[in-house]
Amino acid sequence: APRKYYEYLHSLNDRQREAACSDVAVPLMIVAGPGSGKTSTMVGRVLTLLKEGIPPSNILAMTFTTAAASEMRDRIAAVVGKAVAKEIIISTFHSFCLQLCRAHAEKLGRTSEFVIYGHGQQRRAIIEAERLLEHAKSDGLGDAVKQDDGDIKNSFKDKAKKWLKFVTQAKSSGKSPEEYEKKGDLAGASILRHYNEILVSCNALDYHDFINSSITLLTKFPEVYKECQETWQAIVVDEFQDTSAMQYFLLKLLASHNHITIVGDEDQSIFSFNGADVSGFDSFRRDFPNHKEVRLNKNYRSTRAIVEAATALIHNNTKRGHHKLAETDNPSGSKITVKECHSEDSQCAFVIDKIIETTSSSAEGCNFGKVAVLYRRQITGKAFQVSFRNRKIPFNVHGVAFYRKKVIKAIMAILRTTLPGCDDGPWRQAFKTLLPGDKEEKKKIIDHVEKISLARKCSFISAATDIFSAKVSGTFKRAQITQGRKVLSTLYSLSKFVEREQSVSAVISSVGNMLPQQYLLEKRAVIDNDGGKFLNEDNDIRSVLQFLMDDVSDFLSTHFSSSRDASQIEEKGCASTLKAFIDYISLRETENFRSRKEENKNSITLTTIHQSKGLEWDVVFIVQANDSEIPLLHEYNGTVKEAGSTLEEERRLFYVAMTRARKKLYILHVTVDSYRQLLPPSRFLREIPVHLLDMQGEGAATKKHEQPSGDISFDHAEGETSIEKPRPIPEQNETSPYPELMQTCLANDFLKRFEIDDRAVVSHIFHQWAK
Ligand code: ATP
Ligand code: MG
């Protein structure tokens, strides 16, 4: 539809249009700040590729989150129609590489049914590798069964942590065992080698393997390289700043035809802990010398106050890419509200008050979808979930928390046992889930099965089969044998059911029916330790299952969109769809995932800053902006990274958070934590010019149902400034931390830290404290 294409181009500014329409054979790099329309331009670029006659199924678009992928697909669909948009491969690095590995699994020494190892399974493999290493070192320790001895096991576990870190680092930098050998690190080389062997023998790949193995496929197998070259005629990459060196290497291999567009912003690089590396921009400049570089310099997203504040903040970073101009034609908007709260509870209360105030005063009617609450750590979101639920405010939680739930893990493990070549992990977990009795009892049974399987060097499930079919007897009571048999037969019939059944949803609901009563009754026990008491409602197995079902339909609609894939499902039946679904869920555990279906448009978004990348909302609350949270202090006490670089990354994170807001930004910090420890506000607040801030102390404004005075609501017109009307005297709290707080703050030279020179503000804050 050329008319719509031109209409789209028309919506872009000159520079954006120039970039989108530039010669498709020339590598293109777009570098620009937040909200400058990079993603919008990238969509234009894809449209140009289509217009130039590149078939949609030969275009590969890499996004950082699945949410970004579906948003991009929608925007493309609006111009070229759904059918064409569906053919384009819009994918994250991980899922792209996973597909590639599956397609050529036998070249990697696996079958296409290989399983994906998550953190837990990786750890088990490491412990095993370590055992092999120790075995080689000293014969005395070698006896596998002996390891069940508690102390030895524990010391293994401690070391395992260290080794896991080592293996992760080795893999994310693509280092081979030989390289460690050369450096003289024999233990490291051996662990890595054993670990890799274990994965091969278990027919498994871990997350890092996806990238590394894809590189292996492209470099060692010319036919794979050729096939990829022919298939991926054009590649576009969003959020390029968060690509790791290995991912970049892969891109380079894929894009040797030069039809590549990368889009990014060095200042928003926030995944260096995952190996992301901003030097990718320089590598790109070097590796594609004939590339064209476009800079966008106008922020279309945020008010001037927000743009200025964020720019001032990021200015404190020394490691920055090319300097970017940050301008905006948007109105200056209201000041950024910095709110001090005395407790996490009052922080929640303030956010809720403001949300109710802004949504009810909004002319377009109540729209919760325009509001987000951002935090540094997942755990902070929990308190908000509870309060929102109590106040009946609809919300969506982004992130992986749901997939970390024990009940989901249990269901997934049971599902995995139905796949051919399933290894010990899922079997063990399935037994743990399905056996009746208390934790101790189950543990005894499972430990015994494990012991037998180790002694006989057979799999968990064959040991279990032997034990419960009473070929080995003596250890268990009759009742326990009966229970074990029941579990075996349940799992067996499930795998038969999968063979017969066509629908994944039916399989999942039958797994739901298999779960023992305690999953319904002992609500707390069902949830992961950190979810505990908060998530009672979600623990209802039915609602969890419903969520999972929604995911199935979401998955089917997005992953089997092209006709090619659809015919594959019909051919292979449910087992292969189930397999793909399990992959999809496994990816969700680590990726920054946001599903469309589980999202209600008219809901507040609760998310970590990391997962807010690329998104925007009218009103944004950054909560718990304390010095222990952002920057996250204990992290850079570690030895791995120098404090400075981590601090800069934390600042970039704060920058990403601030620049998500379109009209109004609130930054909240609390003065004491739940143990009454005093918490200083984030040091980044000091880096924002005071004239852009509206500093608010704790006052009656946070008391429920009371209209705050002197605050500005977000949709007031520009030009209005904050008015410090006298506030009602705060209620006296018997355990008020004020006096102590005041002293400490004075001692900390709190006011100076904030560079507050406005006397009125000083006296106001003082008044608050003195009360
Ligand atoms: P981020 O760095 O956060 O990913 P971005 O550079 O990708 O941001 P976009 O998300 O593409 O920015 O655009 C930000 C907002 O600005 C969007 O709401 C988009 O619709 C709008 N926008 C982009 N370009 C223009 C334009 N030329 N005219 C009007 N609005 C625009
Ligand atoms: Mg973007």
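Taking the condition among the hydrophobic types (A, V, I, L, M, F, W, C) and modelled with pLDDT of 90 or more, does L205 pass?
no
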Completion exercise
Only one of (1) surrounded by 12 or more Cβ atoms within 10 Å (Cβ to Cβ); (2) farther than 15 Å from Q429 by Cα does not apply to E450, and that is (2)
Practice task
Just give me the residues in segment 50-61 being touching a residue at least 12 places away in the same chain (Cβ under 8 Å) and surrounded by fewer than 24 Cβ atoms within 10 Å (Cβ to Cβ), in sequence order.
Solution key: L50, K51, E52, I54, P55, P56, S57, N58, I59, L60
Practice task
Name the single residue, out of those in segment 204-244 being of a type in the set (D, E) and assigned to a helix (DSSP H, G or I), that is nearest to ligand 1 (Cβ to nearest atom).
Solution key: D242
Fill in the blank from the handout: Note: among L98, L50, L108, L60, just one is under 26 Å from A410 (Cα atoms) and modelled with pLDDT of 80 or more, namely L98
Handout entry: Of residues in segment 339-380 being in contact with a helix residue (DSSP H, G or I) (Cβ under 7 Å, 6 or more places away or on another chain) and either surrounded by fewer than 18 Cβ atoms within 10 Å (Cβ to Cβ) or assigned to a loop (DSSP other than H, G, I, E, B) (or both), the one modelled with the highest pLDDT
Key = N367
Handout entry: Selected residue (criterion: surrounded by the most Cβ atoms within 10 Å (Cβ to Cβ)) from residues of segment 1-25 that are within 16 Å of I260 (Cα to Cα) and within 16 Å of ligand 2 (Cβ to nearest atom)
Key = A19
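Does L28 satisfy being surrounded by fewer than 24 Cβ atoms within 10 Å (Cβ to Cβ) and away from ligand 2 (no atom under 15 Å from the Cβ)?
no
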Exercise for the section: Of the conditions (1) touching a strand residue (DSSP E or B) at 6+ places or on another chain (Cβ under 9 Å); (2) within 16 Å of ligand 1 (Cβ to nearest atom); (3) not in a loop (DSSP other than H, G, I, E, B), L313 clears all except one; give me its number. Expected result: (1)
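Taking segment 180-202, which residues are out of contact with any Leu (no Cβ under 9 Å at 6 or more places or on another chain) and either assigned to a helix (DSSP H, G or I) or under 25 Å from G421 (Cα atoms) (or both)?
Here is the first cut: in segment 180-202, the ones out of contact with any Leu (no Cβ under 9 Å at 6 or more places or on another chain) are 181-186, 188-189, 192-193, 195-196, 201-202.
If the condition is that a residue be out of contact with any Leu (no Cβ under 9 Å at 6 or more places or on another chain) and either assigned to a helix (DSSP H, G or I) or under 25 Å from G421 (Cα atoms) (or both), then E181, K182, L186, G188, A189, L192, R193, Y195, N196, S201, C202 are the ones that fit.
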Exercise for the section: Kindly check whether there is at least one residue in segment 276-297 that is within 16 Å of ligand 1 (Cβ to nearest atom), assigned to a loop (DSSP other than H, G, I, E, B), within 25 Å of the chain's Cα centre (by Cα) and of a type in the set (S, T, N, Q). Expected result: no
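I445: buried (at least 21 other Cβ atoms within 10 Å of the Cβ), under 19 Å from A125 (Cβ atoms) and of a type in the set (V, I, T), yes or no?
no
Would you check which residues across segment 250-275 are in a helix (DSSP H, G or I), under 30 Å from F166 (Cβ atoms) and within 13 Å of ligand 1 (Cβ to nearest atom) and list them?
Correct list: E266, Q268.
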Practice task
Could you run through segment 279-300 and say how many residues are touching a strand residue (DSSP E or B) at 6+ places or on another chain (Cβ under 9 Å) and surrounded by fewer than 21 Cβ atoms within 10 Å (Cβ to Cβ)?
Solution key: 9
Completion exercise
Per the filter on segment 592-617, residues in contact with a helix residue (DSSP H, G or I) (Cβ under 7 Å, 6 or more places away or on another chain) and at pLDDT below 65 are N592, F593, R594, S595, R596, K597, E598
Problem - Check on K38, touching a Leu at 6+ places or on another chain (Cβ under 8 Å) and within 30 Å of F221 (Cβ to Cβ) - result: no
Completion exercise
Per the filter on segment 252-272, residues of a type outside the set (S, T, N, Q), in contact (Cβ under 8 Å) with a residue 40 or more places away in the chain and away from ligand 2 (no atom under 16 Å from the Cβ) are L254, A255, H259, I260
Handout entry: Residue check, G437 part of a loop (DSSP other than H, G, I, E, B), in contact (Cβ under 8 Å) with a residue 40 or more places away in the chain and loosely packed, with under 15 Cβ neighbours inside 10 Å
Key = no
Completion exercise
Log entry, pairs with first residue in segment 667-685 being closer than 14 Å to Y375 by Cβ and of a type in the set (S, T, N, Q), second being at pLDDT below 90 and surrounded by 14 or more Cβ atoms within 10 Å (Cβ to Cβ), beta carbons closer than 7 Å, six or more apart or on different chains, reads S682/D627; S682/I630
Handout entry: Any helices (runs of 4 or more DSSP H) falling wholly within segment 459-564 and containing at least 3 residues that are at pLDDT 60 or above
Key = 460-468, 478-500, 504-514, 541-559
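Just to confirm my filter: which helices (runs of 4 or more DSSP H) fall fully inside segment 4-105 and include at least 1 residues that are within 15 Å of ligand 1 (Cβ to nearest atom) and under 25 Å from Y584 (Cβ atoms)?
Correct list: 38-51, 66-80.
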Exercise for the section: Look at Q247 and say whether it is away from ligand 1 (no atom under 16 Å from the Cβ) and surrounded by 22 or more Cβ atoms within 10 Å (Cβ to Cβ). Expected result: yes
Exercise for the section: Name every residue in segment 624-655 that is surrounded by 14 or more Cβ atoms within 10 Å (Cβ to Cβ) and modelled with pLDDT under 50, in order of residue number. Expected result: E635, Y636, K641
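The values are calculated or read from the model by the stated rules, or taken from the named source; none is laboratory data. Source: prediction; values computed, not measured. Glycine also receives a Cβ, built like all others from the backbone with ideal geometry; neighbour counts cover every protein chain displayed.
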